[in-house]
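Here's the structure, in structure tokens; my notes come after.
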Amino acid sequence: MSEPTTAPRSLFDLTGRRALITGSSGGIGLELARGLAQHGAAVVLNGRTAARVTGAVDALRAEGLDATPAVFDVTDEAQVGAGIARVLADGDLHVLINNAGIQRRGALVDLPLATWDEVLRTDLTAPMLVSRAVAPHFLGRGSGKIVHVLSVMSEVGRRSVAPYTAAKGGLKMLTRAMCAEWAPGGVQVNGLGPGYFRTDMNAALLADPAFTAWVEGRTPAGRWGDPRELVGAAVFLSAPASDFVNGQVLYVDGGMLAVL
Ligand code: GCO
Ligand code: CA
């Protein structure tokens, strides 16, 4: 009798992989962490507030998932260095998802410079800080995956979100810059671009019937996205399935960017 052939391991299996997701004590970040863990990964949750991070860890553990906390402020270079050192002291790391981000809406002419700086620091500089703190570990091993959470604002503008748009556009180009520097070392750096999703960040928008109607009309799928619908793309970009995908952006937007 021929030897039973072992089924080839799924290209989407994250078993044995450890992933850090920044800004993952709630919202899209927590859904991405839950999804990666459901596909076998050990996930490290991050946020600035210990109570929120440990609450999220407890929630995932209660679902039988492998989750641990890493409390640090991604906008603070010293905290990032210390935080990543602790993560790496606790075990290997294979995936970094730069999800942490803020949105500050307002007319550009009225925007305080401090608000501009806060958005750019959180949405663009922080992903750079965390990525370059992790890069030596990935490059030393000759493998690793970095996923930046972008936005449809990486491609198009909308009134009242200028700093966010500038930062998310910059993050798309930083994705390509990191690809240029780290692809030779076996690291894949890609972007995940959500369209309009039902998140706390968008609570004000979701409460506005006119805006909600606009999103439903402007989105070919005719609806807002559910954060769980981002998991498939995140698993793909975190898994062996994407080992030859680099410097790319995968938009999960119900068709919004493809259609006028
Ligand atoms: C806004 C929203 C958007 C979405 C998302 C779209 O004010 O237009 O916050 O920015 O959150 O980023 O991809
Ligand atoms: Ca596991």
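The values are calculated or read from the model by the stated rules, or taken from the named source; none is laboratory data. All of these numbers come straight from a predicted model, not from anything done at the bench. Neighbour counts run over all protein chains shown; Cβ positions are idealised from the backbone, glycine included. When the accessible area is computed, the model is the full protein with side chains, heavy atoms only, and any ligands, DNA or RNA have been set aside. Shrake-Rupley method; radii C 1.70, N 1.55, O 1.52, S 1.80 Å.
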Inset, instruction - Considering each of SER25, SER2 in turn, give the residue that is more than 16 Å from ligand 1 (Cβ to nearest atom), free of Cβ contacts under 8 Å to residues at least 12 places away in the same chain and either out of contact with any strand residue (DSSP E or B) (no Cβ under 7 Å at 6 or more places or on another chain) or open to solvent by less than 70 Å² (accessible area, probe 1.4 Å) (or both). - result: SER2
Inset, instruction - Return only the number of the condition from (1) more than 17 Å from SER238 (Cβ to Cβ); (2) more than 16 Å from the chain's Cα centre (by Cα) that ASP123 does not satisfy. - result: (2)
Inset, instruction - Return yes or no: is LEU96 within 25 Å of LEU237 (Cβ to Cβ) and out of contact with any strand residue (DSSP E or B) (no Cβ under 8 Å at 6 or more places or on another chain)? - result: no
Legend entry - Counted residues, segment 1-23 - those being within 16 Å of ligand 2 (Cβ to nearest atom) and within 13 Å of the chain's Cα centre (by Cα): 3
Legend entry - Considering residues of segment 72-87 that are over 17 Å from ASP123 (Cα atoms) and open to solvent by less than 50 Å² (accessible area, probe 1.4 Å) only, the residue farthest from the chain's Cα centre (by Cα): ALA82
Inset, instruction - Please determine, by comparing only the residues of segment 241-260 that are open to solvent by 20 Å² or more (accessible area, probe 1.4 Å) and part of a helix (DSSP H, G or I), which one is nearest to GLU31 (Cα to Cα). - result: ALA241
Legend entry - Subset of segment 122-160 [part of a helix (DSSP H, G or I), open to solvent by 10 Å² or more (accessible area, probe 1.4 Å) and either at positive phi or not polar (S, T, N, Q) (or both)]: LEU124, MET128, LEU129, ARG132, ALA133, PRO136, HIS137, LEU139, GLY140, ARG141, MET153
Inset, instruction - Please work out which residue is farthest from ligand 1 (Cβ to nearest atom), limiting yourself to segment 183-200 and to residues that are touching a strand residue (DSSP E or B) at 6+ places or on another chain (Cβ under 7 Å) and among the β-branched types (Val, Ile, Thr). - result: VAL187
Inset, instruction - Return the total of residues in segment 187-240 being among the acidic types (Asp, Glu), surrounded by 14 or more Cβ atoms within 10 Å (Cβ to Cβ) and more than 15 Å from the chain's Cα centre (by Cα). - result: 1
Inset, instruction - Please indicate, with yes or no, whether at least one residue in segment 214-223 is in contact (Cβ under 8 Å) with a residue 60 or more places away in the chain and closer than 29 Å to HIS39 by Cα. - result: no
